[in-house]
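S.K.: To start, I am sharing the structure in question, which I have written as structure tokens.
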Amino acid sequence: EMRERLERMGPVNVLAVEQSQELEERDRFLTAQRQDLVESIAEMDQAIRKIDRTSKERFKEAFTVINQHFGEIFKQLFGGGTAGLSLLDEDDLLESGIDVMAQPPGKRLQNVMLLSGGEKALTAISLLFAIFQYKPSPFCILDEVDAPLDDANIGRFVEMLRSMQQHTQFIVITHNRKTMEIANRLYGVTMEESGVSKLISIQLN
């Protein structure tokens, strides 16, 4: 009976002890690796929460200051009126859209998309300059932004541009004479002969 039981058990695995030790070492290694991953994930979550908190604080600060500058510059460029920014979702600052509202002198408050071409251009310029007042850029390229503006608005735009030249170098593409007058250097294309273009540059000061 004992022999039958031994035969049913099959051959003895003489490497069982070594295999058991190897498996135990493997288990300890994988357990340590898992613990490292769990700790790394926890550290990453903590870093993400810190970044989100800092980003929200900085965004809120920037939004408040830029909104204030936007209203002030809008009044200067339009000669009056009011303008402001509002968050579409104040509970989620980092994902919220921003609504731009503008009220030129003599008009009611409305979404910027309902303004005329010149009013839209001047509003966009106001917002751009408001951002630059909060954090100036080393240089800025403006491509025909003054094209839809009338002479009165061009004058206010030029004065605003002049006041910001000490912090930002502006490269302005324009056909307007008043805008060209404040430039330090002009680059242009002239056609002295029909069909023959010639590049010119002029140092003004």
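The values are calculated or read from the model by the stated rules, or taken from the named source; none is laboratory data. Values in this document were obtained by computation on a predicted structure and should not be read as measured data. Virtual Cβ from ideal backbone geometry, glycine too; neighbours counted across all protein chains shown. What goes into the accessible areas is simple: the full protein's heavy atoms, side chains included, and nothing from ligands, DNA or RNA. Shrake-Rupley method; radii C 1.70, N 1.55, O 1.52, S 1.80 Å.
S.K.: Is it fair to say Glu61 is assigned to a helix (DSSP H, G or I) and open to solvent by 100 Å² or more (accessible area, probe 1.4 Å)?
M.R.: Spelling it out, Glu61 is indeed assigned to a helix (DSSP H, G or I) and open to solvent by 100 Å² or more (accessible area, probe 1.4 Å).
S.K.: Out of Asp150, Asp143, I need the residue that is among the charged types (D, E, K, R) and modelled with pLDDT of 90 or more. Which one?
M.R.: Only one candidate passes the filter, namely Asp143.
S.K.: Return the only residue of Ile51, Ile73 being at pLDDT 90 or above, touching a Ser or Thr at 6+ places or on another chain (Cβ under 7 Å), of a type in the set (Val, Ile, Thr) and surrounded by 10 or more Cβ atoms within 10 Å (Cβ to Cβ).
M.R.: Just one listed residue meets the conditions, Ile73.
S.K.: Would you check which residues across the stretch 104-160 are open to solvent by 20 Å² or more (accessible area, probe 1.4 Å), of a type in the set (Ser, Thr, Tyr) and in contact with a helix residue (DSSP H, G or I) (Cβ under 6 Å, 6 or more places away or on another chain) and list them?
M.R.: Tyr134
S.K.: With the requirement that a residue be assigned to a loop (DSSP other than H, G, I, E, B) and among the hydroxyl-bearing types (Ser, Thr, Tyr), what does the stretch 79-101 give you?
M.R.: Answer for the stretch 79-101, where residues must be assigned to a loop (DSSP other than H, G, I, E, B) and among the hydroxyl-bearing types (Ser, Thr, Tyr): just Ser96.
S.K.: Working carefully through the options Leu37, Leu85, Leu30, find the one that is under 30 Å from Asn111 (Cβ atoms) and modelled with pLDDT of 90 or more.
M.R.: Only one candidate qualifies: Leu85.
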